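J.: Mind looking over this structure? Questions follow.
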Amino acid sequence: MKNDRFMIIFFLLMCSFSAAKAVEYIPVTTTNTCLLLKVNEKNRLEQAYFGTSVKDINEMMSVDTKTFSSYSTFGTDHVFEAALRAIQSDGNTSVELGYVASSVKQIDDNIVQTTIELKDEYYDLFVTIHYRAYRREDILEQWVEIRNGQKKSVRLTDFASSDLSFDASEYYVSHFHGDWANEMNISEQKLTEGIKIVDSKLGVRTHQFTHPSFLLSLNGPLAENAGETIGGTLAWPGNFRFCFEVDNYNRLRVISGANPYASEYTLEKGEVFKTPAFLFAYSREGAGTITRNFHRWARTYGIKNGNGERSVLLNNWEATYFDFDEVKLTKIIDDAARMGFELFLLDDGWFGRKYPRNSDNAGLGDWQTNTSKLPGGIPYLIDECRKRNIKFGIWIEPEMVNPKSELYEKHPDWVISQPHRERTLLRNQLILDLSNPQVQEFVFNTVDNLLQENPGIEYVKWDCNRYVFNSGSPYLPADKQTHLFFDYTRRLMEIMEKIGAKYPNVTFMACSGGGGRIDYGSMQYFDEYWISDNNDPLQRIITQWGAQYFFPTIGLASHVSASPNHISGRSMSLKCRFDIAMAAKLGMDLQPSQMTEKEYEFSKNAIRTYKEIRRTILTGDLYRILSPYRNNRTVYMYVDADRDEAIVFNFMVRKEVYPNPPTIVLQGLQPEKRYLLTEINKNPDSRSRFDKYEGRVFSGEYLMTAGLNFTLYNEMESLVFKLSAQ
């Protein structure tokens with residue numbers, strides 16, 4: 001009997017031990033980065049580690065380290081911000097997610113996708129977290145799918161894409177802010193106990209004031225070439241929200257995703273809610289590595305035709321605005337061809353019959369050619385371009401409508417608006433309601449018909465010039481009005497995808513007034529982006545500096561414009577205007593007919609030079625050397641993949657009465673290679689400041705150790721030089 005009793009007790013103990021769930025680890029890794037997830041004894045998913053990869057991942061799993069909730073929910077024991085909050089079909093306001101399963105799929109030789117399935121421990125609410133690891137580029141992508149398996153609807157009130165935690169002594173966040181003509185300024189703050197929110201509630205053109213990107217530095221302020229740094233950006237042109245919360249133990253949680261503001265989402269039985277993708281990267285070498293990783297990733301995965309050719313274009317906008325006809329445009333096309341441009345872009349003002357588009361207060365929505373201005377229509381202009389062996393491009397704004405238009409007369413119910421409220425205009429226009437299938441069809445057909453009827457159009461500038469007021473939909477039912485921000489964005493991306501699939505060889509620029517739609521949700525359908533309407537070189541230095549932290553130079557359109565500048569009123573030399581535009585994807589609004597003979601020759605030579613070096617600028621690695629925020633001079637450079645060519649840009653952003661030139665220590669070169677130094681875009685009317693280096697050869701080691709030292713004196717004086725491996 002004693003033995004039997006002992007065996008029973010032993011059996012019960014063994015059952016008890018086996019019931020305790022074994023800990024399970026799920027690694028998500030790139031070449032240099034590891035996100036290690038853990039399923040604990042209570043079947044909860046946790047973040048065990050995020051940082052540099054180690055060769056033997058088993059060593060990390062062998063030590064019990066501090067962990068954090070991996071996808072936090074509003075539940076029974078959570079007192080801080082949550083990634084997911086839902087109201088169950090019976091009114092229960094909590095969610096408790098337990099681990100179900102995980103799987104790993106090799107997409108190709110570079111991409112590995114990890115899928116983690118979770119389920120509420122009582123309700124049929126299913127959450128699937130997806131990770132894609134881009135191994136060579138050291139980029140991670142995360143999104144979440146939430147499925148309602150209950151018989152009745154579930155209301156989602158928070159629905160983040162990502163939930164990351166950190167434990168460091170200090171945290172500094174750098175984010176981007178501004179407004180029209182003053183985009184992508186960088187602001188850095190130290191995070192202390194409490195919450196900092198960076199978000200947008202604009203609905204459309206959502207990036208005008210803030211941008212869905214951030215840089216987080218641990219244990220000290222952001223640095224270019226040193227320190228633990230995390231870069232994150234949301235692939236979503238809609239409202240976004242980043243929540244940085246430091247708790248009472250000095251731990252940081254970063255929740256990223258679409259903004260839940262005014263966007264409670266009712267999930268019907270069987271319906272799946274998919275969050276936008278959050279892209280993020282980790283570096284121990286500061287922000288420079290984050291930038292180069294994102295640029296390499298973007299050229300392959302993030303931007304349309306990311307390694308293809310880009311055309312140097314001439315735009316008529318600043319020359320004519322709405323005041324043009326066939327004679328004027330033909331002259332501009334002729335001038336463009338003679339100067340060496342590869343594409344002519346016809347901007348706003350070419351359409352509208354009953355209400356001609358002669359200013360921004362009429363015609364928007366009526367996409368028929370104004371034959372009073374253009375009796376030969378678009379085909380005539382395409383033919384004139386073909387005669388001169390250049391391409392033709394055109395401007396559109398298909399999501400918008402002027403009240404003074406035939407479209408609005410026929411369909412006043414097609415615009416975003418609230419009942420019983422005044423319709424508020426911005427730039428004299430309203431926004432079409434893309435939650436309405438008829439409107440979706442109209443917007444698609446606007447672009448499709450234009451391209452079908454004019455097969456010679458090779459470039460489309462897709463603009464968007466206002467954000468949402470009166471956020472209501474005449475189409476959506478009363479209980480789904482809070483779906484509008486999501487429905488608009490999703491339907492817009494579907495239209496973009498459909499157009500891109502039908503016209504893969506047409507180049508598309510995401511314009512959005514400047515900076516309003518620069519994200520990797522949109523950019524997969526666009527070849528270029530227009531970061532600002534302000535072409536003033538001093539402002540462009542700041543704007544392009546900010547944009548390039550996450551977005552590649554090959555898509556960054558930058559134009560030479562008139563002087564005095566039409567927005568800032570500031571006068572700048574033609575050389576400086578060309579130098580800053582050539583630091584990106586070159587275009588021009590300044591017209592050749594407005595130039596002196598000297599200016600004409602300088603411009604023609606600059607365009608010829610740009611064509612010779614643009615591959616290095618557009619696809620080379622970017623190295624930031626001197627920041628315009630901390631120095632009177634700013635310097636940055638591009639280095640090609642073989643380290644055979646580099647282009648170095650220098651701009652004097654603040655005049656120095658008594659110059660004390662900094663030493664320019666170059667980066668990214670091959671130490672053992674020897675490089676010939678040559679100034680480009682020389683000013684023919686003044687002596688070069690680069691004379692002591694002109695035509696000389698130095699080793700990469702010397703240039704990256706001893707560096708170069710030369711004076712720039714005047715505000716917005718610029719100097720560009722090329723390094724050629726010998």
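The values are calculated or read from the model by the stated rules, or taken from the named source; none is laboratory data. Not measured: the values here are computed from a predicted model. Backbone-built Cβ (ideal geometry, glycine too); neighbour counts: all protein chains shown. We work out accessible area using only protein heavy atoms, side chains counted, and drop any ligands, DNA or RNA first. Shrake-Rupley method; radii C 1.70, N 1.55, O 1.52, S 1.80 Å.
J.: Looking at the stretch 22-62, which of its residues are more than 15 Å from F166 (Cβ to Cβ), β-branched (V, I, T) and modelled with pLDDT of 95 or more?
T.: I26, V28, T29, T30, T31, V39, listed by residue number.
J.: Test of understanding: among Y408, Y380, Y355, which residue is touching a strand residue (DSSP E or B) at 6+ places or on another chain (Cβ under 6 Å) and not basic (K, R)? Spell out the reasoning first.
T.: Values: Y380 fails: touching a strand residue (DSSP E or B) at 6+ places or on another chain (Cβ under 6 Å); Y355 fails: touching a strand residue (DSSP E or B) at 6+ places or on another chain (Cβ under 6 Å).
It is Y408.
J.: Also, quick follow-up: Pairs under 6 Å by beta carbon, first residue small (G, A, S) in the stretch 626-647, partner surrounded by 22 or more Cβ atoms within 10 Å (Cβ to Cβ), six or more apart or different chains?
T.: What qualifies is A646/M637; A646/V639; A646/L723.
J.: Would a scan of the stretch 590-602 turn up a residue that is under 15 Å from E717 (Cβ atoms) and of a type in the set (D, E)?
T.: Residues of the stretch 590-602 that are under 15 Å from E717 (Cβ atoms), as a first pass: none.
No, every residue in the stretch 590-602 fails to be under 15 Å from E717 (Cβ atoms) and of a type in the set (D, E).
J.: Scan S311, S359 and give me the residue that is open to solvent by 30 Å² or more (accessible area, probe 1.4 Å), assigned to a loop (DSSP other than H, G, I, E, B) and among the hydroxyl-bearing types (S, T, Y). Please lay out each step first, then the result.
T.: Working: S311 fails: open to solvent by 30 Å² or more (accessible area, probe 1.4 Å).
Result of the check over S311, S359: S359.
J.: Kindly list, by first and then second residue, each pair from a residue in the stretch 376-395 that is closer than 10 Å to A337 by Cα to a residue that is of a type in the set (V, I, T) and in a helix (DSSP H, G or I), limited to pairs with Cβ atoms under 6 Å and residues at least 6 apart or on different chains.
T.: Filtered contacts from the stretch 376-395: C385/I333.
J.: Against the condition surrounded by fewer than 21 Cβ atoms within 10 Å (Cβ to Cβ), among the small types (G, A, S), in contact (Cβ under 8 Å) with a residue 40 or more places away in the chain and not in a strand (DSSP E or B), how does S165 come out, does it pass? Don't jump to the end; show me each part of the working.
T.: Details: surrounded by fewer than 21 Cβ atoms within 10 Å (Cβ to Cβ): yes; among the small types (G, A, S): yes; in contact (Cβ under 8 Å) with a residue 40 or more places away in the chain: yes; not in a strand (DSSP E or B): no.
For S165, the condition - surrounded by fewer than 21 Cβ atoms within 10 Å (Cβ to Cβ), among the small types (G, A, S), in contact (Cβ under 8 Å) with a residue 40 or more places away in the chain and not in a strand (DSSP E or B) - is not met.
J.: So, S593, is that one open to solvent by 10 Å² or more (accessible area, probe 1.4 Å) and closer than 24 Å to F721 by Cβ or not? Write out each step before concluding.
T.: Details: open to solvent by 10 Å² or more (accessible area, probe 1.4 Å): yes; closer than 24 Å to F721 by Cβ: no.
The answer is no for S593.
J.: Among the residues of the stretch 640-655, what is the count of those that are within 14 Å of T616 (Cβ to Cβ) and surrounded by 18 or more Cβ atoms within 10 Å (Cβ to Cβ)?
T.: 7
J.: On to the next question. Could you please find all residues in the stretch 153-192 being over 21 Å from E81 (Cβ atoms) and polar (S, T, N, Q)?
T.: Taking the stretch 153-192 as the starting set, the residues that turn out to be over 21 Å from E81 (Cβ atoms) are 153, 169, 176-188.
S153, S169, N182, N185, S187, listed by residue number.
J.: Quick check, is V460 open to solvent by less than 20 Å² (accessible area, probe 1.4 Å), free of Cβ contacts under 8 Å to residues at least 60 places away in the same chain and either of a type outside the set (V, I, T) or at negative phi (or both)?
T.: Considered against the rule, which asks whether it is open to solvent by less than 20 Å² (accessible area, probe 1.4 Å), free of Cβ contacts under 8 Å to residues at least 60 places away in the same chain and either of a type outside the set (V, I, T) or at negative phi (or both), V460 comes out as no.
J.: One residue is enough: does the stretch 503-510 have a residue meeting the conditions touching a residue at least 40 places away in the same chain (Cβ under 8 Å), within 30 Å of F273 (Cβ to Cβ) and under 17 Å from the mean Cα position of the chain (by Cα)?
T.: Looking only at the stretch 503-510, we keep the residues that are touching a residue at least 40 places away in the same chain (Cβ under 8 Å), and these are 503, 505-510.
If we keep only those that are within 30 Å of F273 (Cβ to Cβ) as well, we get 508, 510.
Filter once more, keeping what is under 17 Å from the mean Cα position of the chain (by Cα): 508, 510.
Yes, that holds for at least one residue.
J.: Can I ask one more? Taking the stretch 276-308 as the region of interest, how many residues are surrounded by 23 or more Cβ atoms within 10 Å (Cβ to Cβ) and not in a helix (DSSP H, G or I)?
T.: Of the residues in that region, 8 qualify.
J.: Another question about this same structure. Among (1) part of a loop (DSSP other than H, G, I, E, B); (2) touching an Asp or Glu at 6+ places or on another chain (Cβ under 6 Å), where does P419 come up short?
T.: Only one criterion in (1) part of a loop (DSSP other than H, G, I, E, B); (2) touching an Asp or Glu at 6+ places or on another chain (Cβ under 6 Å) is unmet by P419, namely (2).
J.: Tell me the strands (runs of 3 or more DSSP E) entirely within the stretch 34-151 that contain at least 3 residues that are free of Cβ contacts under 8 Å to residues at least 40 places away in the same chain.
T.: Working: elements: 45-52, 84-87, 97-106, 111-120, 125-134, 139-148.
Of the strands (runs of 3 or more DSSP E) lying wholly inside the stretch 34-151, those with at least 3 residues that are free of Cβ contacts under 8 Å to residues at least 40 places away in the same chain span 45-52, 97-106, 111-120, 125-134.
J.: While we're looking at this one, here's another question. Of G349, G393, which residue is assigned to a strand (DSSP E or B), of a type in the set (G, A, S) and open to solvent by less than 10 Å² (accessible area, probe 1.4 Å)? Walk me through how you get there before you give the answer.
T.: Numbers: G349 fails: assigned to a strand (DSSP E or B).
Residue meeting the stated conditions: G393.
J.: Out of all the residues in the stretch 396-422, which are in contact with a Leu (Cβ under 6 Å, 6 or more places away or on another chain), free of Cβ contacts under 8 Å to residues at least 60 places away in the same chain and either open to solvent by 70 Å² or more (accessible area, probe 1.4 Å) or under 21 Å from M496 (Cβ atoms) (or both)?
T.: Of everything in the stretch 396-422, those that are in contact with a Leu (Cβ under 6 Å, 6 or more places away or on another chain), free of Cβ contacts under 8 Å to residues at least 60 places away in the same chain and either open to solvent by 70 Å² or more (accessible area, probe 1.4 Å) or under 21 Å from M496 (Cβ atoms) (or both) turn out to be V401, V415.
J.: Check G555, G587 and return the single one that is surrounded by 20 or more Cβ atoms within 10 Å (Cβ to Cβ), within 25 Å of Y467 (Cβ to Cβ) and within 24 Å of the chain's Cα centre (by Cα). Steps first, please.
T.: Working: G587 fails: within 25 Å of Y467 (Cβ to Cβ).
Answer to the selection: G555.
J.: Restricting the first residue to the stretch 248-262 and requiring it to be more than 12 Å from E193 (Cβ to Cβ), which pairs with a second residue that is basic (K, R) and not in a strand (DSSP E or B) meet a Cβ separation below 6 Å and a spacing of at least six or different chains?
T.: Short answer, once both residue conditions are applied: Y261/K201.
J.: With of a type in the set (F, W, Y) and either surrounded by 14 or more Cβ atoms within 10 Å (Cβ to Cβ) or more than 35 Å from the chain's Cα centre (by Cα) (or both) as the only criterion, which of Y658, Y713 stands out? Reasoning before the result, please.
T.: Details: Y713 fails: either surrounded by 14 or more Cβ atoms within 10 Å (Cβ to Cβ) or more than 35 Å from the chain's Cα centre (by Cα) (or both).
Only one candidate passes the filter, namely Y658.
J.: Show the residue pairs meeting these rules: Cβ distance below 6 Å; 6+ apart or different chains; first residue within the stretch 281-303 and farther than 19 Å from S162 by Cβ; second residue assigned to a helix (DSSP H, G or I).
T.: So the pair list comes out as I303/M523; I303/G555.
J.: Out of (1) in a strand (DSSP E or B); (2) touching a Lys or Arg at 6+ places or on another chain (Cβ under 8 Å); (3) open to solvent by less than 10 Å² (accessible area, probe 1.4 Å), the odd one out for I613 is which?
T.: Tallying (1) in a strand (DSSP E or B); (2) touching a Lys or Arg at 6+ places or on another chain (Cβ under 8 Å); (3) open to solvent by less than 10 Å² (accessible area, probe 1.4 Å), I613 fails exactly one: (1).
J.: Looking at the structure I just gave you, is L374 closer than 20 Å to K354 by Cα, open to solvent by less than 10 Å² (accessible area, probe 1.4 Å) and either aromatic (F, W, Y) or assigned to a strand (DSSP E or B) (or both)?
T.: On the way: closer than 20 Å to K354 by Cα: yes; open to solvent by less than 10 Å² (accessible area, probe 1.4 Å): yes; either aromatic (F, W, Y) or assigned to a strand (DSSP E or B) (or both): no.
Judged against the criteria, L374 is not a match.
J.: Only one of these conditions is not met by R570: (1) open to solvent by 60 Å² or more (accessible area, probe 1.4 Å); (2) in a helix (DSSP H, G or I). Which number is it?
T.: Here R570 meets the rest and fails (2).
J.: Tell me which of these I186 doesn't satisfy, since it passes every other one: (1) out of contact with any helix residue (DSSP H, G or I) (no Cβ under 9 Å at 6 or more places or on another chain); (2) assigned to a strand (DSSP E or B).
T.: (1)
J.: What's the total number of residues in the stretch 538-552 that are touching a Ser or Thr at 6+ places or on another chain (Cβ under 8 Å), open to solvent by less than 10 Å² (accessible area, probe 1.4 Å) and part of a helix (DSSP H, G or I)?
T.: Number satisfying all stated conditions: 4.
J.: Do you know which residues across the stretch 256-275 are touching a strand residue (DSSP E or B) at 6+ places or on another chain (Cβ under 8 Å), of a type outside the set (F, W, Y) and either modelled with pLDDT under 95 or open to solvent by less than 10 Å² (accessible area, probe 1.4 Å) (or both)? Break it down into steps so the answer makes sense when it comes.
T.: The first filter runs over the stretch 256-275 and keeps only residues touching a strand residue (DSSP E or B) at 6+ places or on another chain (Cβ under 8 Å), leaving 256-261, 264-275.
Now restrict to residues that are of a type outside the set (F, W, Y): 256-260, 264, 266-272, 274-275.
Scanning the stretch 256-275 gives S256, G257, A258, N259, L267, T275.
J.: Taking the options G516, G521, name whichever one is touching a Lys or Arg at 6+ places or on another chain (Cβ under 8 Å), assigned to a loop (DSSP other than H, G, I, E, B) and over 22 Å from V312 (Cβ atoms). Steps first, please.
T.: Values: G521 fails: touching a Lys or Arg at 6+ places or on another chain (Cβ under 8 Å).
None of the other options fit; the residue is G516.
J.: Another question, if that's okay. Does the stretch 73-85 contain any residue that is surrounded by 12 or more Cβ atoms within 10 Å (Cβ to Cβ), at negative phi and among the polar types (S, T, N, Q)? Spell out the reasoning first.
T.: Going residue by residue through the stretch 73-85, those that are surrounded by 12 or more Cβ atoms within 10 Å (Cβ to Cβ) are 73-75, 78, 80-85.
This time we only want the ones that are at negative phi, so: 73-75, 78, 80-85.
The next check asks that each one be among the polar types (S, T, N, Q); those that pass are 73.
The answer is yes; a qualifying residue exists.
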